[in-house]
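Structure first, commentary second.
Just so it is clear, none of the values below were taken in a lab; they were calculated from the coordinates. Keep in mind the model is a prediction, meaning the values are calculated, not measured. Neighbour counts are summed over all protein chains in view; Cβ atoms, including those assigned to glycine, are modelled from backbone coordinates with ideal geometry.
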Amino acid sequence: MNLFMITGKVKEIKIQTSALERKFLVLEIESKSKEKGFTELFEISILYDQLFNARPLEIGDNVMVKGKIISHSIKGISKKAHLSYELRADSITKY
């Protein structure tokens, strides 16, 4: 597993329940990279119990996320490639 840290803006928020009845907060986060010259979208999940201070997140909030890359895949070629990541967050911080 690889570690990651991204900053970006929350675009979508969902709550999912696993087969073991564990609740996960699933966020779609848009991250703009000046160096790379494009915007990336990440779907990130975190156990609902792990959210610090039970602070609610809202669409449009700026966040910093730290965690682990579980898996990734690439579809397409060259500049039209679509990167897909399964990410598990250890912490999410609003700023």
- Task: Estimate the FRET efficiency between Asn62 and Glu21 by the formula 1/(1 + (r/R0)^6), using the beta-carbon distance for r and 41 Å for R0, to the nearest 0.05.
- Result: 0.85
- Query: Once phi is turned into ³J(HN,Hα) by the Karplus curve 6.51 cos²θ - 1.76 cosθ + 1.60 with θ = phi - 60°, what whole-Hz value does each residue of segment 7-22 show in order, with x for glycine and proline?
  - Reply: 10, x, 10, 5, 9, 8, 10, 9, 10, 10, 10, 7, 4, 8, 6, 8
- Sorted by Cβ density within 10 Å, fewest first, the residues Ile29, Ile6, Ile15: Ile15, Ile6, Ile29
- Message: Can you work out the Karplus-derived ³J(HN,Hα) for every residue in segment 56-70? Use 6.51 cos²θ - 1.76 cosθ + 1.60 with θ = phi - 60°, whole Hz, and x for glycine or proline.
- Response: x, 9, 10, 4, x, 5, 8, 9, 10, 10, 10, x, 10, 8, 7
